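Worksheet for the structure shown next.
The values are calculated or read from the model by the stated rules, or taken from the named source; none is laboratory data. This is a predicted model, so every value here is computed, not measured. Neighbour counts run over all protein chains shown; Cβ positions are idealised from the backbone, glycine included.
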Amino acid sequence: MRGFIMLCVLSVHTMSIYDSRLEDWTVEFLAMSAVHSSMHVMRMAFMFITGLVLFITYYRRDFQTVAFWKKRLFFTMIPYVFWNIAYILFRSAASSINLHGSFFNFVKTLMVSLIHGDQFYIYYVLVTLQLYMIFPLMLHGLRKFEKYHMQIFLWSAYLQLAMTAFFKFGIPHLDTSHWPYLFANYGVFVLTYQCYFIAGGIAACHYDKIVKFIEEHARFLTSIFCASLVMMWIHYYLNRFILHESDHKAQSVHQPVYLPWALLVVALVLYLGRLWAKRRTERKWKLFSCFVMTASQTSFGMYLVQPFSLYVMGKYMMPHLAGNKWLFYGSLPFGILFVYFSSMLIAYIFYKTPILSYCIGRKSKFPVRAKTVQVPDKQQI
């Protein structure tokens, strides 16, 4: 699921580069943007799987809050600080930010970036840090009220719908300049995505029942998915033509319609994961199984290093594609694969390199040289 979701996430970000080369309100732009908007759901899928893995790991085990914070915050804070520094230096080298050669200006920029999480796509790491802070409370709540998980999920869904409706229809008409940062910039606030983390947690608690239901109704869910996909495209056009929203606003994930759409997509991705789990140990799938494992192990690293692959794509490859219409659209799948595999390669190098592996949230050991054991001579014995 990690590997597949990350492929979709990088596909969304690659399509953003293609979309930016088109002129707004043209047929091509509106068609690509409609498809693009339906794919933004992978943000929620990634958050769902984060909650799923956390609760699968800790729900049935003894839990120590301090030990959890030490481990999780350590392996998340290091990548967060490291990549904020790397992104700032990268932007400076690309002349997007002028630090004037001042260490003070660099530190000031870094502090702002660490607080805001506004460098490239690192906001997700800031959201994850917030999740780890409140996870002990979430775990305690789901354990204590295990009989009421359905009610908890429903109220969480109601809250999610209410918040997204407020984000879409209320906040644009309010002055948020004096609001606390996380409230005004709700896209980096953990509460904004609370339903997906809770849904992942509840899915972990009742995993067998939920996957059984999904497998029994897979065809029906697939049919609903196809119909919903078309409805999501129509929803984008309604935002543009009826509500007269900008492309950015029309594609925002902070809209009520994304909740049922996200839960449906997550269910099908989980179903695909179950299908793969039944086949991954077969001999003919051995090579592909190794690839899937690598994609899973490096998924977080791919997310962190993707800005560099996207930059190469947009800066050096896109100018050669934009001049030819057929080449432009035909190259999209190859552009996605380039970003995906180049990000995977960079992340894999980090993953396999001691010390650097901590920068993608992984721990690797230094190679241990085998000791030579001398066998004593028989005469000596």
**Prompt:** If only one of Phe90, Phe48 is touching a Gly at 6+ places or on another chain (Cβ under 8 Å), of a type in the set (Phe, Trp, Tyr) and crowded, with 17+ Cβ neighbours inside 10 Å, which one is it?
**Reply:** Phe48
**Complete:** Of the residues in segment 311-342 that are at pLDDT below 90 and touching a helix residue (DSSP H, G or I) at 6+ places or on another chain (Cβ under 7 Å), the one that is surrounded by the most Cβ atoms within 10 Å (Cβ to Cβ) is Leu321
**Message:** If the requirement is being under 24 Å from Met232 (Cβ atoms), over 17 Å from the mean Cα position of the chain (by Cα) and not hydroxyl-bearing (Ser, Thr, Tyr), which of these qualifies: Lys249, Lys325?
**Reply:** Lys249
**Prompt:** Across segment 273-330, what is the total count of residues that are part of a helix (DSSP H, G or I), out of contact with any Ser or Thr (no Cβ under 9 Å at 6 or more places or on another chain) and among the small types (Gly, Ala, Ser)?
**Reply:** 6
**Request:** Could you check how many residues of segment 2-54 are in contact (Cβ under 8 Å) with a residue 24 or more places away in the chain and outside any helix (DSSP H, G or I)?
**Result:** 4
**Prompt:** Using beta carbons and a limit of 6 Å, which pairs, at least six apart or on different chains, have the first residue in segment 104-119 and over 15 Å from Gly187 (Cα atoms) and the second one modelled with pLDDT under 90 and surrounded by 14 or more Cβ atoms within 10 Å (Cβ to Cβ)?
**Reply:** Asn105/Leu99; Phe106/Leu99
**Message:** If Lys70 satisfies all but one of (1) in contact with a helix residue (DSSP H, G or I) (Cβ under 9 Å, 6 or more places away or on another chain); (2) surrounded by fewer than 21 Cβ atoms within 10 Å (Cβ to Cβ); (3) part of a helix (DSSP H, G or I); (4) without any contact (Cβ under 8 Å) to a residue 60 or more places away in the chain, what's the number of the condition it fails?
**Reply:** (1)
**Message:** When you scan segment 240-263, do you find a residue that is of a type in the set (Gly, Ala, Ser), in a helix (DSSP H, G or I) and free of Cβ contacts under 8 Å to residues at least 60 places away in the same chain, even just one?
**Reply:** no
**Complete:** Of those in segment 180-194 that are under 12 Å from Met163 (Cβ atoms) and of a type in the set (S, T, N, Q), the residue surrounded by the fewest Cβ atoms within 10 Å (Cβ to Cβ) is Gln194
**Prompt:** Restricting the first residue to segment 280-309 and requiring it to be more than 23 Å from Val125 (Cβ to Cβ), which pairs with a second residue that is assigned to a helix (DSSP H, G or I) meet a Cβ separation below 6 Å and a spacing of at least six or different chains?
**Reply:** Arg280/Ser289; Trp285/Arg279; Val292/Gly3
**Asked** Within segment 97-108, is even one residue part of a helix (DSSP H, G or I) and of a type in the set (Ser, Thr, Tyr)?
**Response** no
